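Worksheet for the structure shown next.
Throughout, read-outs are computed from the coordinates displayed, never taken from laboratory work. All values derive from a computational prediction rather than experimental measurement. Positions of Cβ are generated from backbone atoms using ideal geometry, with glycine treated the same way; all protein chains shown enter the neighbour counts.
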Amino acid sequence: MERFYKLDEWKIIEEKFIPDRNKMAESIFSIGNGKMGQRANFEESYSGESMQGSYIAGVYYPDKTKVGWWKNGYPEYFAKVLNAANWIGINITIEGEKLDLAKCEILSFKRTLNMKEGHLERSFTVRMNNGNQLKVVSKRFISLVKQEVAAIKYSVTPLNFNGEITFCPYIDADIENEDSNYEEKFWKELDKKVKDREAYVIVRTKKTKFHVATGMKFNITQDHVSIDFKTEQIEKKKYVANSTTVECKKGQETVLYKYIANLSSENYKKVKLLRKVKKVTREAAQIGFEILLHEHIKAWADKWKESDIVIEGDLAAQQGIRFNIFQMNQTYTGEDPRLNIGPKGFTGEKYGGSTYWDTEAYCVPFYLSTADSHVARNLLKYRHNHLQKAIENAEKLGFNNNAALYPMVTMNGEECHNEWEITFEEIHRNGAIAYAIYNYINYTGDSDYLLEYGLDVLLAISRFWAQRVTYSNEKKQYVMLGVTGPNEYENNVNNNWYTSYIARWTMKYTLEAIDYIKNKNAETFKNIADKWNFNEKSETADWKEKILKMYLPEDKQKGVFLQQDGYLDKEQILVSDLDKEIRPLNQTWSWDRILRSPFIKQADVLQGMYFFEDDFDKGSLEKNFDFYEKRTVHESSLSPCIHSILASNLGKRKMAYDFYLQTARLDLDDYNHEADEGCHITSMAGTWMSVIEGFGGMRVKNNQLQFNPYIPDNWTSYSFKIRFREHLLTINITKKKVEIKNTFDKAITILLNGKQVGIAANKSIKVE
Ligand code: BGC
C-alpha cells in the first residue's frame, strides 16, 4: 500500500505535485459546507489533467437515460449532480505568459487541507518559461456560518524580478459535466453584470430550471494595504471577469482577496436572485477575509467539540478518522429536509449526487450521535416527503393499495438509476428506510415520530413487502423472487436472505408501531388508517401469516444462512485463492465471470446480522462471519466497516483493526484505485461506526446507552464524543481504564461492560 500524503493529526498534506495524481488530490482536498462544495482545482489556469467540480446542493439535471433495449418501468432519466459555475478562477499573466503549472517548472509545491479549521491552502514556487520566478500562496474556504459565501486569498510574490502582473478573477458558468450522456452543456445564461471589481452571472439548468446566481467581488493589497487599481471588464457567454495589471516589486507580496456568493432558486424567488446575490457578495467583501475566516474556524471548532475522535499512538488512524468526520460534516448539516447525502458528497460527479440506501443504513447513526436530533430527523423526513412518489413508483410496477417502493437512486423522490438489473432490483433499500425509523426512535426516544410521520412510511413499505412475496406451493412458504441484494455481484436472484429478512422485520416492526399508536392515541391511529385506507384486520392478519411463513435460505449443516438460493452451487473458491493483481475484480474480470463467481462485493448476510444482532447468538454470528468473510472482496466502500464492527463483536481484534484502517484510509490511500472520481462519503459514516460501535461497543438498548469498549493493540488511548438525548458524553479509553465524562447538568446511568454505572451531572467516572 502506498501513502500519498504526509501523516498529520489535523491536516492532509501533499508535499509534491504529481500531475498523474492531481485528480485524486482534487477529490481528497475538496471543501464544502452542506450547501455547496468545491474540488481542489487550481485558481490559476491549469491545462493538465483535472476534473473541475463546483457543486450546489439540490441542483441537478435529469439526463435522458441511454440504454440499448428500453424496458417498461425503466426510469426516464439518470440524475446528474451539476458541475456549476467555476467561482475560484483567477488567471495570472506575466509578460504575456499565463501561469499554468502544467507548463512551467515547479520548484516547490505544498497543498494542505486543514481539517481543524476547514480551509485549503496551497503554496508553490515556479520558474516560468520567461524566466520569472514566482511564489504563490492561496487559501480558501466555504463558510460554515454564511452558507452561501466563499472566500479566497491569493498571494503572489515575484522572486527574481520587478514588473507587471495581470490578475484576472472571473466566474465561468460555461462549463461541462464530465458525466453527460449526450455531451451537452446543462446550463443556459439568463443574465450577467460586470462592474469595476465585481461581477455576477445567473444561469439556469435546462429542463429542471434551477436558477443559480454567482457573484464575485475583490480587492488587492500590497504590504497589507489596499491599493488603488483600474480594471478592464470582460464579458463572454456565461462568463464575467475583471482584469487588472499591478506593478509588483521583487520580494513584495501582492494579495488578491476574492469574495464569492452562490445562491439558488431553491432558496430565493427567481426574480430576486440578482439583487440578493449582489447583496450577499458585497456584504462578504465588506466583512473581509480574516473575520469571515475567523467565524468559520469557530464554527468548525463547535463541530469538532461534538464529533471529534482522538486516537493516541497511531497517527495514520487518527488522520484517517478525522478525514472521515471532516467530510461528513462538510457534506450534510441537516438544516434542510430537501437535501440528502450523495455517495460522493461534493467531491465528484459519480453516483449523480443522488440519495441511496447509504443514507439510512450508514449515515443516520453518525448524525444521531454527533448532532442535534433534528439533523437525523430531517434525513427521515426527506423520505416522508417522497412517500407519494414512492407509491407512484410502486404503482408503475403493478403494486396497489398505497404500497410504496422507494427509489434506489433519487434526487426528488423519483427513481433515477441507470441500471435495471443491479440498481432497480435492489428493493432492499425499502428495508433500510424502515430500519432508520426504528434506529432514530431507539436512539432518541422520540416515539411520537411514528404518529407524525413514521407510521405513514412503515405502512406503505410493509404493504409493498406483503405484495412482493409469492407463496411457493413447493416450499409451503413465502418466497421473494428476482431481487438483487446489497451484494451487487449477483443479480436477479431468488430469496436473497438479507432482503427477505429485512422485509419480514419491517412487517413485524410495523405491527409494533400500530400497537404503540393505538395505545397512545386511538384517534390518531384511526386518522392514519383512514388516510391510507388501511384495513387493519385483514392486512395485519396477512402480514402475520407472511411473517410466520417467510422463507429464509440456510444450510443447517454448515450453520450458515445462504446469501440466496443456489449460492452453494457455485464453485467455492475463496478470496485467498485470488492473485492480488486481479483485484479489484470489477476492474479486471468480465461481468459475466463476476456473476458466476462466489465472490461477494459487500456485506450482505452479514449486513443483516449487523442490523439485527440480538436475533442471533454469537456462535451463529461467528460461523456466518467466518464463512462470508472468506468470500467477500469488499469492492464496495460500504463493506469493510460492517466486517470491522462484527469482528470487534467476535473478539477478532486484529481483523477489526485491519478493516478499520482500510475503511478509514480508503480514499487517502486509494485502496480501490478510484479516489480520482471523488471520495466515498457515505462509507465514511461507516468508519465512524467501526470505532464507536466496534471498538467502543456502543449500543442503545431499552433506552439506555451501553458500552463494551476495548482498545486496539497499537493505540495508547482513544476518546470519542457522543450526544445521547440531552447529554454530551466524552468516552476515553486507555489500556488500563475507561473514563466517561458527562457534560450536562443531569445525571445519566449507563451500562458499562454489563454493569450499571451512574454518572452525576457534569462529573466523570473512571473504571479500571
Ligand atoms: C454499492 C451500493 C451503494 C452504492 C452507492 C455501490 O457500489 O454496492 O450498496 O448504495 O455504491 O454508494
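Seen from a random direction on average, the alpha-carbon convex hull of segment 1-81 projects onto 9.2 square nanometres. Residues of segment 19-49 with an amide N closer than 14 Å to a point placed 7 Å from the Cα of LYS103 along the Cα-to-Cβ direction: 44-49. In segment 137-224, taking the dipole from charged Cβ atoms about the Cα centre, the farthest positive-side position among LEU144, TYR200, TYR182 is held by LEU144. Mean residue ellipticity, 222 nm, helices only, the chain: the sum of -39500 (n - 2.57) across DSSP H runs of n ≥ 4, divided by residue count and rounded to 500, is -9000 deg cm²/dmol. Dividing the Cα radius of gyration of segment 360-501 by 2.2 N^0.38 Å, with N the residue count, gives 1.07. DSSP beta bridges in the chain, what fraction antiparallel, as a percent rounded to 5? DSSP beta bridges in the chain are roughly 95 percent antiparallel.
If you model segment 1-159 as an ellipsoid using its alpha carbon gyration tensor, with each semi-axis the square root of five times an eigenvalue, the axes come out at 33, 19, 17 Å, biggest first.
If you keep only loop residues by DSSP, which GluC sites (Glu not before Pro) in segment 408-495 have at most 11 other Cβ atoms within 10 Å of their Cβ?
Values: sites: GLU414, GLU415, GLU419, GLU421, GLU425, GLU426, GLU452, GLU474, GLU488, GLU490; in loops: GLU414, GLU419, GLU425, GLU426, GLU474, GLU488, GLU490.
Listed in order of number, the matching sites are GLU474.
Rounded to the nearest 0.05, the FRET efficiency derived from the C-beta distance between GLU581 and MET1 at R0 = 22 Å is 0.90.
On full extension, the segment bounded by GLN286 and ASP20 gains 91.8 nm, given 0.36 nm per residue less the C-alpha separation. Projecting label points 7 angstrom from Cα along Cα→Cβ for ILE13 and LYS526 puts them 7.0 nm apart. Dimensions of segment 322-385 based on its C-alpha atoms, expressed as ranges along the principal axes with the largest first, amount to 29, 28, 19 Å. Across every pair of non-identical alpha carbons in segment 621-768, the mean reciprocal distance, once inverted, gives a Kirkwood radius of 16.4 Å. With the gyration tensor restricted to C-alpha atoms of segment 62-113, the semi-axes of the equivalent ellipsoid amount to 44, 14, 13 Å, longest first.
Where does the chain land on Rg(C-alpha)/(2.2 N^0.38 Å)?
Dividing the Cα Rg of the chain by 2.2 N^0.38 Å gives 0.99.
Under Stokes-Einstein, with the Kirkwood radius over Cα pairs as Rh, the value for segment 294-360 at 37 °C and 0.692 mPa s is 241 µm²/s.
The Cβ shell under 14 Å around THR470 holds other residues with a net charge of +1, Lys and Arg each +1, Asp and Glu each -1.
Taking Lys and Arg as +1 and Asp and Glu as -1, the other residues whose beta-carbon sits under 15 Å from that of ALA241 total +2.
Distance between the modelled labels on LEU159 and LYS230, one decimal in nanometres: 3.3 nm (7 Å Cα→Cβ projection).
Count neighbours as other Cβ atoms within 10 Å of each site's Cβ, and list the GluC sites (Glu not before Pro) in segment 6-63 that are DSSP loop with at most 13 such neighbours.
Of the GluC sites (Glu not before Pro), the ones in loops of segment 6-63 whose Cβ has at most 13 other Cβ atoms within 10 Å are GLU9, GLU15, GLU49.
Over segment 89-197, the hull volume per residue, using the convex hull of the C-alpha atoms, is 176 Å³. In plain terms, the bigger the Kirkwood radius, the slower the diffusion; for segment 538-588, with that radius from Cα pairs, at 4 °C and 1.567 mPa s, Stokes-Einstein puts D at 89 µm²/s. The label-point distance for ASN385 and ALA541, in a model that sets each label 7 Å from Cα toward Cβ, rounds to 4.0 nm. Take the Kirkwood radius over Cα pairs of segment 481-520, plug it into Stokes-Einstein at 4 °C and 1.567 mPa s, and you get 112 µm²/s for translational diffusion. The angle between the Cα long axis of helix 387-396 and the longest principal axis of the Cα atoms of the chain comes to about 70 degrees, rounded to the nearest 10.
Shown here is the pair-distance distribution of segment 710-765: with all Cα-Cα distances grouped in 10 Å bins from zero up to the longest one, the shares run 23, 53, 21, 2 percent. For the cross-link pairs LYS350/LYS389; LYS103/LYS258; LYS350/LYS618; LYS103/LYS217; LYS652/LYS737; LYS389/LYS520, which exceed 31 Å when the distance is taken from alpha carbon to alpha carbon? Where the Cα-Cα span goes over 31 Å, the pairs concerned are LYS350/LYS618. For segment 429-582, the C-alpha radius of gyration divided by 2.2 N^0.38 Å, with N the number of residues, is 1.24. Dipole size of the chain about its Cα centre, with +1 on Lys/Arg Cβ and -1 on Asp/Glu Cβ: approximately 1700 debye, rounded to the nearest 20.
For segment 1-102, the list of chymotrypsin sites (Phe, Trp or Tyr not before Pro) that fall in a loop by DSSP and count at most 10 other C-beta atoms within 10 angstrom reads TRP69, TRP70. Entry for segment 140-244 at q = 0.13, 0.20 Å⁻¹: log10 I(q)/I(0) = -0.62, -1.14, Debye formula applied to identical alpha-carbon scatterers, no solvent contribution. Alpha-carbon geometry of segment 249-314: the Rg and the Dmax are 18.3, 56 Å, given in that order.
Peptides 707-715, 326-334, 521-529 ordered by packing proxy, namely the average of other Cβ atoms within 10 Å per residue, highest first: 326-334, 707-715, 521-529.
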